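The values are calculated or read from the model by the stated rules, or taken from the named source; none is laboratory data. None of these values were measured; they are calculated from a predicted model. Note that each Cβ is placed from the backbone with ideal geometry, even for glycine, and that neighbours are counted across all protein chains shown. When the accessible area is computed, the model is the full protein with side chains, heavy atoms only, and any ligands, DNA or RNA have been set aside. Shrake-Rupley method; radii C 1.70, N 1.55, O 1.52, S 1.80 Å.
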Amino acid sequence: MPVNPELVGRVFPPTAPYLVGREKVREFARAVFADDPQHTDPSAARALGYPDVVAPPTFAMVIQDQTLQQLLAEPDSGIELSRVLHAEQRFRYSRPIVAGDELTATLSVTGIRSVGGNAMVTSEAEITDAAGGHVVTATSVLLVGGDE
């Protein structure tokens, strides 16, 4: 089944709040080789004016993943996980993610285009804090392979 073109413009319900934990930030920083002390040492982060350790920029994927799971679970999407490649990722930050943040994300599908029998599905996850303030917009492009 091809990707459903009616996905464009679809907005999914907000995700459950995600509490950013200090150890999760540290683990992620180690995994991506982000060795700046602000990612692991609360004192170093405070010296820079942050209340706790600062997540590396790509940490937003942890929250965005919850939204992409919503998209992949849509029965009418035409997207089969076994045919999906993560083709592109971008982030537009208003402020860094910091341990202690409680974040929620809302996904919208912003585009689908056909490329050589495959589909490129673009989506944006608006990630906000507990007060509703914008933290980051995470944009993903998924390459969905056509039928074999």
Answer from Ser77, Ser43 - the residue that is among the polar types (S, T, N, Q), over 28 Å from Ala131 (Cα atoms) and either modelled with pLDDT of 95 or more or not in a helix (DSSP H, G or I) (or both): Ser77
Checking the conditions here, which among Thr40, Thr58, Thr15 is touching a strand residue (DSSP E or B) at 6+ places or on another chain (Cβ under 7 Å), hydroxyl-bearing (Ser, Thr, Tyr) and either surrounded by fewer than 19 Cβ atoms within 10 Å (Cβ to Cβ) or on the phi < 0 side of the Ramachandran plot (or both)? Thr15
Within region 122-135, the residues that are within 9 Å of the chain's Cα centre (by Cα) and open to solvent by less than 10 Å² (accessible area, probe 1.4 Å) are Ala125, Ile127
Members of region 88-116 found to be of a type in the set (A, V, I, L, M), over 16 Å from Leu71 (Cβ atoms), touching a helix residue (DSSP H, G or I) at 6+ places or on another chain (Cβ under 8 Å) and assigned to a strand (DSSP E or B), listed by number: Val98, Leu103
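Just wondering, is there one or more residues in region 85-97 that are free of Cβ contacts under 8 Å to residues at least 40 places away in the same chain, out of contact with any Ser or Thr (no Cβ under 6 Å at 6 or more places or on another chain) and either buried (at least 17 other Cβ atoms within 10 Å of the Cβ) or within 30 Å of Asn4 (Cα to Cα) (or both)?
Looking through region 85-97, none of the residues is free of Cβ contacts under 8 Å to residues at least 40 places away in the same chain, out of contact with any Ser or Thr (no Cβ under 6 Å at 6 or more places or on another chain) and either buried (at least 17 other Cβ atoms within 10 Å of the Cβ) or within 30 Å of Asn4 (Cα to Cα) (or both).
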Count, please, the residues in region 19-37 that happen to be open to solvent by less than 80 Å² (accessible area, probe 1.4 Å) and without any contact (Cβ under 8 Å) to a residue 40 or more places away in the chain. 8
Name the residue that is farthest from Thr104 (Cα to Cα), counting only residues in region 127-146 that are small (Gly, Ala, Ser) and in a loop (DSSP other than H, G, I, E, B). Gly146
Which one of Val84, Val109 is in contact with a Leu (Cβ under 7 Å, 6 or more places away or on another chain), of a type in the set (Val, Ile, Thr) and under 20 Å from Pro14 (Cβ atoms)? Val109
Within region 98-112, residues of a type in the set (A, V, I, L, M), open to solvent by less than 30 Å² (accessible area, probe 1.4 Å) and more than 22 Å from Pro37 (Cα to Cα) come out as Leu103, Ala105, Leu107, Val109
Condition test on Thr15, is it in a loop (DSSP other than H, G, I, E, B), closer than 30 Å to Glu80 by Cα and not small (Gly, Ala, Ser)? yes
So which residues in region 112-134 are within 22 Å of Pro13 (Cβ to Cβ) and either touching a Pro at 6+ places or on another chain (Cβ under 8 Å) or charged (D, E, K, R) (or both), if there are any at all? Ile112, Glu124, Glu126, Asp129, Ala130
